[in-house]
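Scroll down for the structure; my scribbles are underneath it.
The values are calculated or read from the model by the stated rules, or taken from the named source; none is laboratory data. Keep in mind that what you see is a predicted model, and the values were worked out from it rather than measured. Ideal geometry is used to build each Cβ from the backbone, glycine not excepted, and the neighbour counts take in all protein chains shown.
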Amino acid sequence: MVFHLDKCIGCHTCSIACKNVWTDREGTEYMWWNNVETKPGTGYPTKWENQEEYKGGWKKNGDKLELRSTSKKKIIPNIFHNPSMPSMDDYYEPWTYKYDELFNAPEGDDQPVARPVSMITGEPMDIEAGPNWDDDLGGSPVYAANDPNMDVLSEPERKQMLAIERMVMFYLPRICNHCLNPSCVASCPSGAMYKRGEDGIVLINQDRCRAWRSCVSACPYKKTYYNWSTGKSEKCILCFPRLESGQAPACFHSCVGRIRYLGNVLYDADQIEQAARSPDGELVEAHRKMVLDPNDPEVIAAARASGIPDGVIESAQKSPVFRFVKDWKLALPLHVEYRTFPMLFYVPPLLPVMSQTEGDVVRSDVDDLFADIEKTRAPIAYLGKLFAAGNDGKVRYALRKQLAVRIWRRHVTVGDIDEETAKRALVEAECTPEEADAIFKLTSLATFDDRFVIPPFQREMAMEMITDPHEHRSSAGFGFREAPTRS
Amino acid sequence: MNDFVLLGVLPYIAVVVFLLVTIQRYRMKGFSYSSLSSQFLENQHHFWGSVPFHYGILVVLLGHVIGFLMPTAILSWNAEPVRLLILEVTGIAFAILTLVGLVNIVLRRMTNRLARRVTTWSDLAVYALLLVQVISGIAIAVFEGWGSSWFATSLTPWLWSLIKLSPDVSYVAPLPGIVKVHIVNAFLLIGFFPFTRLVHVLVVPNPYLWRKTQVVIWNWDRSRLRKTT
């Protein structure tokens, strides 16, 4: 998966598509398997990146890799009360409005109002916070100023970022990263969580989940959610029923800005353990190294030897993810320092300067749209903390290449930049005209089939076919084989 | 006659119900086997209820099991008055810990509006039975002293007579009323157990300790797949 942040317009269509398909049930009202955050900001749940508090992901202890939260050692104390579990206060209490009161209120002197009521207790409530309370930097003295990623910035840099808060922001859409080294799976005491071998989707077996809640704190991205009604944890399932019938997941399909790319990659699972022990600065490279070139004859032979069907290898060769991550090195993993190796990669936003303030006057007739990337208003150190575990060079490389592609395309289509300048920009960004055109095409002109290369799922071969296909007919839609009631 | 029904028949009914319903529930409604934690809804008071209760009840139950399985060992340990005292005091301490936890659990369920939302009738029944059980247990330990010794001489042979299917209630019939309340309530708990969330005890995640860190499941039979494509 690749999300191109330079294209995200923050419209939340993805979140709504997901909500309507999967989490519109009792116990899931507060869950946003897909959410879009404004950065800088504290995100959802509040300050999820603060692993001192939530203890998500892995940490390196000498040469060993350990879960920050419930490891095998801590299972007994943590199972009765999980000390690092976020509670509903850290998300928000979901509410609805008594809409019928607008229509059924008796005639009177006042306008009828729809009172907010809690979706948990059904009682009237005062709304204090919700998801995206800091959308578009709303309340930034509270939210943006408390962004844990600002720690890497010096005091002047922080001040600078907050002083121009009205102009510097970008959106960060987040779903489950379906990590290579998932800490949620490793922490599940019941063994209910697993990664599917065929496609790498991380799932929770609802029948085996016993509400020990380890996954909720172990996931550093806070993308497993506890269903308070059924007593089971739930998470993004990457719309596997859609994928298995060749459709893109709902959030990908509905994306207005077409920022989302989906494709399979071949990787070497034997390297995961070693790679996860790399020093912080080398994690991005170690992660990238695991992704193998699907056109390399040796890789193809090895894939065949381990039973990967030709159809899957072919789709890996067409995968837009491989191109963004490995070929072009434009896409970077979010917070790779958690050492879970997220398989959702982000193209960092270029954030070109579109206007400038001079005193109280805002000028939007800036001549030089292609300013130096060092002058981007979000400090590179901030992006480096998000997307490269502090290795700012990786971010700089991706931004420089994006900028070079723009300069090159400006030369090709508008022609007000001469070829020599454009080519020099490309050389500086370690890019060629052919590569620049390919990046441009996949970024700006990509069709549905270019963006979503879904491998054949071989459903006819899957062992699930042995079970009765009518088993789930007229069930609740989320794999419940019985009414999801408490007892 | 009443003694025979309560101490010679009720245990069998309770155990049969326990076995049949837990197995049937696991097979037919496996989804419902969950601890139904409410920590997510209320995170502070939860600690003062759940933690002392679980540690307390585990130690107290372990004591009962040892008394049942190794009565002679307990008796020889208790032969020395100081050791008897140590055992009794430890038992009472953990029983009080259990009670403190239980009272906090019930208070939290009553006072927190979100926790109340997920409290069912079966939860309330469990709390009532557990309160009777823990309070009667502490009362016995305090007022009927040295229970660790007479458990081994009276309760253990009676339990074995039940297991051997020739119930002999004469071991326990002469015991004080409070002890009988404790015994009868214990079997009521066992009988109600499979209908409540207590079933989470049966699915404690011990395999976690020896399973591999990561779990990967393939739906394809990859060797077959290769041959057919």
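The set of residues from segment B:54-78 being over 20 Å from B:I163 (Cα atoms), of a type in the set (V, I, T) and either surrounded by fewer than 17 Cβ atoms within 10 Å (Cβ to Cβ) or modelled with pLDDT of 95 or more (or both) comprises B:I57, B:V59, B:V60.
Residues in segment A:113-128 that are among the aliphatic types (A, V, I, L, M) and outside any loop (DSSP other than H, G, I, E, B): A:V117 alone. The residue list A:A305, A:A301, A:A286 contains one member that is in contact with a Ser or Thr (Cβ under 6 Å, 6 or more places away or on another chain), free of Cβ contacts under 8 Å to residues at least 24 places away in the same chain and either among the aliphatic types (A, V, I, L, M) or within 25 Å of A:K401 (Cα to Cα) (or both), which is A:A286.
In segment B:98-116, is there at least one residue being of a type outside the set (A, V, I, L, M, F, W, C) and more than 28 Å from A:N227 (Cβ to Cβ)? Yes, segment B:98-116 contains at least one residue that is of a type outside the set (A, V, I, L, M, F, W, C) and more than 28 Å from A:N227 (Cβ to Cβ). Among residues of segment B:1-38 being assigned to a loop (DSSP other than H, G, I, E, B) and over 21 Å from the mean Cα position of the chain (by Cα), the one that is farthest from the other protein chains (Cβ to nearest Cβ) is B:M1. In the set A:P131, A:P141, A:P156, only one residue is in a helix (DSSP H, G or I), more than 9 Å from every other protein chain (Cβ to nearest Cβ) and either closer than 28 Å to A:P40 by Cβ or touching a strand residue (DSSP E or B) at 6+ places or on another chain (Cβ under 8 Å) (or both); that residue is A:P156.
Can you say whether A:E123 is exposed (fewer than 13 other Cβ atoms within 10 Å of the Cβ) and over 29 Å from A:C11 (Cα atoms), as far as the supplied structure shows? Yes, satisfied. Reported count of residues in segment A:202-224, each being free of Cβ contacts under 8 Å to residues at least 60 places away in the same chain, surrounded by 20 or more Cβ atoms within 10 Å (Cβ to Cβ), outside any helix (DSSP H, G or I) and not hydroxyl-bearing (S, T, Y), is 6.
Does segment A:209-216 contain at least one residue that is of a type in the set (K, R) and either within 11 Å of chain B (Cβ to nearest Cβ) or touching a helix residue (DSSP H, G or I) at 6+ places or on another chain (Cβ under 6 Å) (or both)? Scanning segment A:209-216, I find at least one residue that is of a type in the set (K, R) and either within 11 Å of chain B (Cβ to nearest Cβ) or touching a helix residue (DSSP H, G or I) at 6+ places or on another chain (Cβ under 6 Å) (or both), so the answer is yes. Which residues, taken from segment A:156-195, are under 21 Å from the mean Cα position of the chain (by Cα), more than 27 Å from A:D6 (Cα to Cα) and touching a residue at least 12 places away in the same chain (Cβ under 8 Å)? Selection gives A:N181, A:P182, A:S183, A:C184, A:V185, A:A186, A:S187, A:M193, A:K195. Condition first: within 17 Å of the chain's Cα centre (by Cα), within 14 Å of another protein chain (Cβ to nearest Cβ), in contact (Cβ under 8 Å) with a residue 60 or more places away in the chain and in a loop (DSSP other than H, G, I, E, B). Can you find one or more residues in segment A:266-278 that meet it? No; the residues of segment A:266-278 include none that is within 17 Å of the chain's Cα centre (by Cα), within 14 Å of another protein chain (Cβ to nearest Cβ), in contact (Cβ under 8 Å) with a residue 60 or more places away in the chain and in a loop (DSSP other than H, G, I, E, B).
For segment A:294-323, what are the residues that are assigned to a loop (DSSP other than H, G, I, E, B), within 18 Å of A:I454 (Cα to Cα) and in contact with a Leu (Cβ under 8 Å, 6 or more places away or on another chain)? Matches in segment A:294-323: A:P294, A:I308, A:P309.
Anything in segment A:144-153 that is assigned to a loop (DSSP other than H, G, I, E, B) and of a type outside the set (A, V, I, L, M)? List them, or say none. Hit for segment A:144-153 is A:D147, nothing else. The C-beta contact set for segment B:189-211 (first residue within 11 Å of chain A (Cβ to nearest Cβ), second residue surrounded by fewer than 19 Cβ atoms within 10 Å (Cβ to Cβ) and not in a helix (DSSP H, G or I), distance under 7 angstrom, 6+ apart or interchain) comprises B:P207/A:G191; B:Y208/A:K72; B:Y208/A:G191; B:L209/A:K72; B:R211/A:G191. Only helices (runs of 4 or more DSSP H) whose full extent lies in segment A:1-112 are considered here, and the ones with at least 2 residues that are under 30 Å from B:V59 (Cβ atoms) and either at pLDDT below 95 or out of contact with any strand residue (DSSP E or B) (no Cβ under 7 Å at 6 or more places or on another chain) (or both) are A:75-80. Return the only residue of A:L262, A:L238, A:L283, A:L243 being in a loop (DSSP other than H, G, I, E, B) and not charged (D, E, K, R). Being in a loop (DSSP other than H, G, I, E, B) and not charged (D, E, K, R) holds for just one of A:L262, A:L238, A:L283, A:L243, which is A:L238. Residue pairs whose Cβ atoms lie under 9 Å apart, sitting 6 or more positions apart in sequence or on different chains, and linking a residue in segment A:97-116 that is within 27 Å of A:E29 (Cα to Cα) to a partner that is among the acidic types (D, E) and part of a loop (DSSP other than H, G, I, E, B), are A:P116/A:D126. Of all the listed residues (A:S233, A:S254), the sole one being at the interface with chain B (Cβ under 10 Å from one of its Cβ atoms), at pLDDT 95 or above and within 26 Å of A:A17 (Cα to Cα) is A:S233.
Among the residues of segment A:144-156, is any touching a Gly at 6+ places or on another chain (Cβ under 8 Å), modelled with pLDDT under 80 and surrounded by 16 or more Cβ atoms within 10 Å (Cβ to Cβ)? The answer is yes, given that some residue of segment A:144-156 is touching a Gly at 6+ places or on another chain (Cβ under 8 Å), modelled with pLDDT under 80 and surrounded by 16 or more Cβ atoms within 10 Å (Cβ to Cβ).
For A:A192, are the conditions met, namely being within 28 Å of A:E273 (Cα to Cα), facing another protein chain (nearest Cβ under 10 Å) and hydrophobic (A, V, I, L, M, F, W, C)? Answer is yes for this residue. Just name the residue that is farthest from A:F3 (Cα to Cα) out of those in segment A:318-364 that are of a type in the set (S, T, N, Q) and modelled with pLDDT of 90 or more. Residue satisfying both the conditions and the ranking: A:T340.
Would you confirm, using the coordinates I've provided, whether A:E29 is acidic (D, E), crowded, with 18+ Cβ neighbours inside 10 Å and within 14 Å of chain B (Cβ to nearest Cβ)? Answer is yes for this residue.
Of B:R116, B:R83, B:R108, all but one fail to be of a type outside the set (A, V, I, L, M) and buried (at least 19 other Cβ atoms within 10 Å of the Cβ); the exception is B:R108. Across segment B:95-145, which residue is farthest from the other protein chains (Cβ to nearest Cβ) among those that are touching a residue at least 12 places away in the same chain (Cβ under 8 Å) and among the aromatic types (F, W, Y)? My answer is B:F143. When segment B:43-53 is examined, which residues are found to be in contact (Cβ under 8 Å) with a residue 24 or more places away in the chain and facing another protein chain (nearest Cβ under 7 Å)? Of everything in segment B:43-53, those that are in contact (Cβ under 8 Å) with a residue 24 or more places away in the chain and facing another protein chain (nearest Cβ under 7 Å) turn out to be B:H46, B:S50, B:V51.
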